[in-house]
Amino acid sequence: MRAVRLGVSSLLLHKLRSFLTTLGVLFGVSSVIAMLAIAEGASVEAQEQIRQLGSSNVILRSVKPPEDKVSNQESRVLSYGLTHEDHARVAETYPGVKDVVAILEVPEEVRSGSFSCRPRVMCVDPSYREVTGRIMMEGRFLSARDGQATASVCVLGYEVARYLFPFKAAIGERIKIGAEYFQIVGVMYPRVPIGSIKRDPGTEVGGEVFVPLRTGQSLFGERQVKIRSGGMDAQEVQLHEIIIAVELDQNVPMIANASRLMLTQSHREKDYEVIVPLELLLRAEETKRIFSIVLASIAGISLLVGGIGIMNVMLATVTERTREIGIRRALGAKRHHIVTQFLVETVVLSGCGGVAGVVLGLIIPQIVEAAGDMRTIVTIEAPVLAFGISVATGVIFGLYPAWRAATMDPVEALRHE
Amino acid sequence: MSALSDEEPPGGVFVHPDPGKAGDTQVVAQLENVSRVYSMGAEDVHALDDLSFSFGSGEYWAVMGSSGSGKSTLLNILGCIDRPTAGEYRVRGQAVSDLDDDQLSEMRGKELGFIFQSYNLIPQLNVLENILMPVLYQENPEEGIEERGKLLAERVGLGDRLMHRPTELSGGQQQRVAIARSLINDPALILADEATGNLDSKTAEEILKLFDELHAEGKTILIVTHEPKVGERADRILRLKDGAIEAVEDNRR
Ligand SMILES: Nc1ncnc2c1ncn2[C@@H]1O[C@H](COP(=O)(O)OP(=O)(O)OP(=O)(O)O)[C@@H](O)[C@H]1O
Ligand SMILES: [Mg+2]
C-alpha cells in the first residue's frame, strides 16, 4: 500500500507527462472496445437477418433477366422465372424435404374504407409461417383448409394492420385487394426491423399481406400488370419464390446443389437465384473472423504503441531519478524494493489509462448507436480483455526500466547529477 | 554479559567479534589490507592502497586529507555502498565480502547511518516521511517507530516542521533531517561525508553540536572533512594521503 502511495505521489510530480502517457493507453483501450462493439453489432445483425430466412431453408427466387435480352423479345408480356414444373419437381422428387412453399406476389393495391396502401401481397402455401418461423400477433395464419377451399381470407402484417385500422382491431374486418374482398383472420408480427426502416405512412407502407396461394392464383392470375407513368408494364411470373425446408441441416448443401443443377438444366437463361441462408451464415461468420483478426491486429498495434510510450517515460524517469535510487539503496532498499516501486508506477499509469479507456470505450458505442443508427454490442470480454492487456503492457514495458534502476551500482547512482 | 556466556551468539548474519581482539573497546568497523583500485583504461588509480585500520565502538573520528586522498572512497566502503577490490572489511565481525546484495542492503539499513554533503532527501516526501524512509525497507520495523521518528525530528529541532517538504527548508534544516534519518534504525556506525561542507559556519556549528551530543550518548561517528576546525571537534583524526594512512592523531590528550 505504501508502495502504491509512493508511486502515485511521484507520478503526480510529473503530471503532464503521466497524463500524456495515460492518454496513449486510454485511446488504445477505448478504441479496441468501441471497434469490437461495432463489429459485434454488425455481425449479430447480419446473422439475425440471415436467420430470419431460416437456416435450414433453401430459397429459390425468380429474377428478372437483364434488359438487353428482353428488348428483342417479340411479345409485349415478359415471361420469366420459376415455373410450376420447377415446384412440382422439387416437391415430388427431392428426398429429406420437410416442406415446399410456393409464393406468388401480386401487385395489387390494398384498401379499407378511405385508406389504401401497396404492401407486398403474397399468395402462399399455408406452411409458409412454420417454414419461415414467423410469429402470429393475433388470430391465426392461413390454414390448409383455406388453401383447398380457395377461401377469400387474408393475414396482415403488423404494419399494414396498423395503417389500415389505426383505431380498431383488424381481425374479422374485410379489406379489398385489387377488386376482390378478403376477410382478415390474423395479424402477424413484423420481421425484426432490418437496420432502421424509414416509415412514411402517407405514401408507402412496408409490410406484407398473405392470401392462400390457390385463391390468389385463381383471382389475380399469373400475369402481373403494373401501371406506370407512360404506359403499362406487364410480366408473367408463375411463382416468385419457392422455399424448400430441409429436414436436416447437413442436407442443406446437397439440396442447394441439386436445385442449382435442376434450374440450370430447365431454364434457358438465368432468371432465378438460389439463396442458401446456411451458406450466407457461414460466410458471415468467416467475414466476422477475418474482421476480428484485423481488429485484433489494430488493437495490438495501438496497445504496443501505448506500451512503448510507457517504457519511454519510465526509462526517462529512471534516468532522471538515478540519484533517488542511489539514496534509497544507500539507506537499505533492496533490489526488489526498487523494482516494485517502479513497477507500481507503470501499473498505476497503465491501470488508470485502462480504466479511463474502458469508460470511454463504453461511451463511444452509445454515441455511435444514437448518432449513426448502428447497432453495437459490448460483450463482457472486450473491456476485460482490453483492460487486462493494458495492465499487462504496463508491467511488461515497465519491467526493463525497473530492472535497470534496481541493478544500478549505489555509488554510481549517488554520483549521478 | 553475553560475552561471558559460552552459548552461541544469537542467530542472524551479524556475529559479534571476539571481544579480546580489539582490546578494551569493541570493534565496529575493521579494515584489513583494503584496496580500492579504479581501472582507467591503461592506468590504475589506487584510491585506497592496502589500508588496515579498526574503528572502535563509541569513538568519534574525523578523516582528513587533501583532495583526492581517498576520503570519500574510504567512507563509501565503510558505508557498504562500494566494495573493496582487495582486502577484507568487517562490520561488527561480519565480513562484507560474504554478503549478497540483499544482505548488504540489510546491513546498510540496520547498521549504518549515512549523511551526505548534499543532504540527499527525497523531494516528494515530507520531513517525517524522509526520516522514516529507511524503515520502509526493514523487514520487521519495531512498533512505535513513527513516534521515534517524531522524537528524532524534535531532537534535531524540527518538531514543528514534520509536514514540510525539503524544498521548504534551509540547508541546515535539511541536513538535520538527514541526520535524524540516519539515526532512525539506531545504527552501529554513523558516517558523514563533508556534512557541513555546504553550510555557513554558524549552521555548521549547530550540526557539529548535534554530533557532539550523539557522541556523548555513545554513538560511533566518523566524519570526513577538509576544515581543520571541524576536524578538531572529533576525538581522533585519521589523516590520509594517496590512499594510505599518513597519521593518526588524538585530540583529547
Ligand atoms: N568513479 C571513479 N572513477 C575513477 N576514479 C575515481 C572514481 N572515484 C574516485 N576516483 C579517484 O580516486 C581517488 C580518491 O577519490 P576520493 O573521491 O576518495 O577523494 P576525496 O579524498 O574524497 O577527495 P575530495 O576531498 O575532493 O572529496 C581520486 O584520485 C579520484 O580521482
Ligand atoms: Mg570526497
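The values are calculated or read from the model by the stated rules, or taken from the named source; none is laboratory data. Computed from a predicted structure; not experimentally measured. As a convention, Cβ positions derive from the backbone with ideal geometry for all residues, glycine included, and neighbour counts pool all protein chains shown. Only protein heavy atoms, including side chains, enter the accessible area calculation; ligands, DNA and RNA are left aside. Shrake-Rupley method; radii C 1.70, N 1.55, O 1.52, S 1.80 Å.
Figures for the structure shown
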quantity	calculated
Unmet criterion (only one of (1) away from ligand 2 (no atom under 16 Å from the Cβ); (2) modelled with pLDDT of 95 or more; (3) assigned to a helix (DSSP H, G or I)) for residue B:89	(3)
Residue selected from the stretch A:370-387 under the condition open to solvent by 80 Å² or more (accessible area, probe 1.4 Å) and in a helix (DSSP H, G or I), by the criterion nearest to residue A:37 (Cα to Cα)	A:381
From the options A:359, A:294, residue that is closer than 30 Å to residue A:35 by Cα, part of a helix (DSSP H, G or I) and at pLDDT 90 or above	A:359
Residues that are within 12 Å of ligand 1 (Cβ to nearest atom) and without any contact (Cβ under 8 Å) to a residue 40 or more places away in the chain, drawn from the stretch B:39-55	B:39, B:40, B:41, B:43, B:44, B:45
Members of the stretch A:405-417 found to be modelled with pLDDT of 85 or more, away from ligand 1 (no atom under 16 Å from the Cβ) and not hydroxyl-bearing (Ser, Thr, Tyr), listed by number	A:406
Set B:209, B:219, B:202, B:241: member being more than 15 Å from the chain's Cα centre (by Cα) and under 27 Å from residue B:77 (Cβ atoms)	B:241
Residues of the stretch A:1-47 that turn out to be basic (Lys, Arg) and away from every other protein chain (no Cβ under 14 Å), as a count	1
Boolean, residue A:167 is part of a loop (DSSP other than H, G, I, E, B), under 19 Å from residue A:106 (Cβ atoms) and either modelled with pLDDT of 85 or more or more than 29 Å from the chain's Cα centre (by Cα) (or both)	no
Options B:200, B:193; residue that is free of Cβ contacts under 8 Å to residues at least 60 places away in the same chain and of a type outside the set (S, T, N, Q)	B:200
Options B:217, B:206: the member that is under 19 Å from residue B:190 (Cβ atoms), away from ligand 1 (no atom under 16 Å from the Cβ) and exposed (fewer than 14 other Cβ atoms within 10 Å of the Cβ)	B:217
Meets criteria (in contact (Cβ under 8 Å) with a residue 24 or more places away in the chain, among the polar types (S, T, N, Q), open to solvent by 10 Å² or more (accessible area, probe 1.4 Å) and away from chain A (no Cβ under 14 Å)) for residue B:124	no
Qualifying helices (runs of 4 or more DSSP H) (wholly inside the stretch B:101-210; at least 3 residues being touching a Cys at 6+ places or on another chain (Cβ under 8 Å))	B:101-111
Pair list, Cβ < 8 Å and 6+ apart or interchain, from the stretch B:56-68 residues that are within 8 Å of ligand 1 (Cβ to nearest atom) to residues that are open to solvent by 10 Å² or more (accessible area, probe 1.4 Å)	B:65/B:71; B:65/B:239; B:65/B:241; B:65/B:246; B:66/B:241; B:67/B:226
Any hit, the stretch A:331-338, residues being more than 14 Å from every other protein chain (Cβ to nearest Cβ), at pLDDT 85 or above, more than 30 Å from residue A:45 (Cβ to Cβ) and open to solvent by 10 Å² or more (accessible area, probe 1.4 Å)	no
Any hit, the stretch B:160-182, residues being surrounded by fewer than 16 Cβ atoms within 10 Å (Cβ to Cβ) and polar (S, T, N, Q)	yes
Residues within the stretch B:48-86 that are more than 16 Å from ligand 2 (Cβ to nearest atom), over 15 Å from the mean Cα position of the chain (by Cα) and among the small types (Gly, Ala, Ser), tallied	2
Considering residues of the stretch B:72-87 that are more than 11 Å from chain A (Cβ to nearest Cβ) and buried (at least 23 other Cβ atoms within 10 Å of the Cβ) only, the residue nearest to ligand 1 (Cβ to nearest atom)	B:74
Some residue of the stretch B:237-245 being part of a helix (DSSP H, G or I) and either under 23 Å from residue B:91 (Cα atoms) or open to solvent by 10 Å² or more (accessible area, probe 1.4 Å) (or both)	no
Residue tally, condition away from ligand 2 (no atom under 16 Å from the Cβ), open to solvent by less than 30 Å² (accessible area, probe 1.4 Å) and within 10 Å of chain A (Cβ to nearest Cβ), over the stretch B:92-120	8
Long-range neighbours under 9 Å by Cβ, at least six apart or interchain, first residue of a type in the set (A, V, I, L, M) within the stretch B:135-151, second loosely packed, with under 15 Cβ neighbours inside 10 Å and part of a loop (DSSP other than H, G, I, E, B)	B:135/B:142; B:151/B:159
Helices (runs of 4 or more DSSP H) completely within the stretch A:1-114 that count 3 or more residues being at pLDDT 85 or above	A:15-52, A:84-93
Residue check, residue B:129 within 10 Å of chain A (Cβ to nearest Cβ), within 18 Å of the chain's Cα centre (by Cα) and away from ligand 2 (no atom under 16 Å from the Cβ)	no
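To keep it simple, each residue is scored yes or no on (1) closer than 30 Å to residue A:341 by Cβ; (2) under 26 Å from the mean Cα position of the chain (by Cα).
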{"site": "A:212", "(1), (2)": "no, no"}
{"site": "A:242", "(1), (2)": "no, yes"}
{"site": "A:255", "(1), (2)": "no, no"}
{"site": "A:285", "(1), (2)": "no, yes"}
{"site": "A:297", "(1), (2)": "no, yes"}
{"site": "A:325", "(1), (2)": "yes, no"}
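Results for (1) outside any helix (DSSP H, G or I); (2) open to solvent by 90 Å² or more (accessible area, probe 1.4 Å), shown as yes or no for each residue.
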| position | (1), (2) |
| --- | --- |
| A:243 | yes, no |
| A:252 | no, no |
| A:256 | no, no |
| A:278 | no, no |
| A:282 | no, yes |
| A:309 | no, no |
| A:319 | no, no |
